[in-house]
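Let me begin by presenting the structure, written as structure tokens, before commenting on it.
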Amino acid sequence: MAVPAVFVEPDGAAMRRTMGRFLTGVAVVTAEHEGEQVGMTINSLTSISLEPPILMISLNFATRTGDAVLGSGKFAISILGVKQEAVARQFAVRGGARFEAGDFDTTDGGLPVIAGALSQAECKVVNHYTIGDHEVVFGQVVASRFRDGDPLAFYSGKFGAFRDFNHDAVPWMF
Ligand SMILES: Cc1cc2nc3c(=O)[nH]c(=O)nc-3n(C[C@H](O)[C@H](O)[C@H](O)COP(=O)(O)O)c2cc1C
């Protein structure tokens, strides 16, 4: 695609394409409210604070998951591996079935998480703000676990694999 000559204020589609150039991992956020389990695929997951451990997710208003997260005050996160693209798709269908098929673990707090995910974390909501057409939710991680594996990546509207991890480690990170 040729580079446009001018900068313009983006509409929704252009905003999606602009930010779609930011490679991300893929996660599923899950919650339970009034006896109903809900969940959806997200890539708005960001680590915010280490001590205390706080992460952030951004959920569209129109989602069932957003209502359940705010209604129950807690949620869980599963960071998907490259072999879990089908799960990412299953949890991204608007209004679609979520827990009828697939393997799930349960956190100590009783929330479903995706079995085999690279990381699983249970969070309690510590703050949330309405920003534009989304609710930005900050969750304190109360319990988590992780395993090694190749991550599922998302770039420019497509799922894929990212395996070029052979560069030097950032020394202060791990
Ligand atoms: C890779 C990917 C990332 C997504 N990230 C988000 C996100 O961060 N926030 C959001 O509100 N929706 C996100 N979505 C869209 C939701 O997964 C989708 O709207 C979902 O169907 C909502 O579920 P519900 O309407 O059945 O509650 C993403 C979808 C995909 C495929």
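A few comments on the model shown:
For (1) under 19 Å from A153 (Cα atoms); (2) β-branched (V, I, T); (3) surrounded by 15 or more Cβ atoms within 10 Å (Cβ to Cβ); (4) modelled with pLDDT of 95 or more, each residue gets a yes or a no:
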residue	(1), (2), (3), (4)
I42	yes, yes, yes, yes
L45	yes, no, yes, yes
S49	no, no, no, yes
L70	no, no, yes, yes
F75	no, no, yes, yes
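- Hey, V26 surrounded by 15 or more Cβ atoms within 10 Å (Cβ to Cβ) and of a type in the set (V, I, T) or not: yes
- The listed residue being within 13 Å of the ligand (Cβ to nearest atom), touching a residue at least 60 places away in the same chain (Cβ under 8 Å) and among the β-branched types (V, I, T), out of V82, V38, V29: V38
- Each residue in region 29-40 was checked for being surrounded by fewer than 18 Cβ atoms within 10 Å (Cβ to Cβ) and either part of a strand (DSSP E or B) or basic (K, R) (or both), and 2 of them qualify.
- Residue pairs whose Cβ atoms lie under 6 Å apart, separated by 6 or more positions or on different chains, with the first residue in region 99-123 and on the phi > 0 side of the Ramachandran plot and the second of a type in the set (K, R) and surrounded by fewer than 18 Cβ atoms within 10 Å (Cβ to Cβ), do not occur.
- For region 1-26, filtering for residues that are assigned to a loop (DSSP other than H, G, I, E, B) and within 12 Å of the ligand (Cβ to nearest atom) leaves 3.
- Within region 122-146, being among the aliphatic types (A, V, I, L, M) and loosely packed, with under 11 Cβ neighbours inside 10 Å holds for one residue alone: I131.
- All of F75, F146 fail the test of being in contact with a Cys (Cβ under 7 Å, 6 or more places away or on another chain) and either of a type in the set (F, W, Y) or more than 23 Å from S49 (Cα to Cα) (or both), apart from F75.
- Residues satisfying the stated conditions in region 41-66, i.e. within 15 Å of the ligand (Cβ to nearest atom) and more than 16 Å from the chain's Cα centre (by Cα): A62
- Test: residue in region 97-108 that is more than 12 Å from the ligand (Cβ to nearest atom), surrounded by 14 or more Cβ atoms within 10 Å (Cβ to Cβ) and within 15 Å of T46 (Cα to Cα): no
- Which numbered condition F22 misses (of (1) modelled with pLDDT under 95; (2) under 20 Å from F159 (Cα atoms)): (1)
The values are calculated or read from the model by the stated rules, or taken from the named source; none is laboratory data. Because the structure is predicted, anything quoted here is derived from the model rather than measured. Cβ coordinates were reconstructed from backbone atoms using ideal geometry, including for glycine residues, and neighbour counts include every protein chain displayed.
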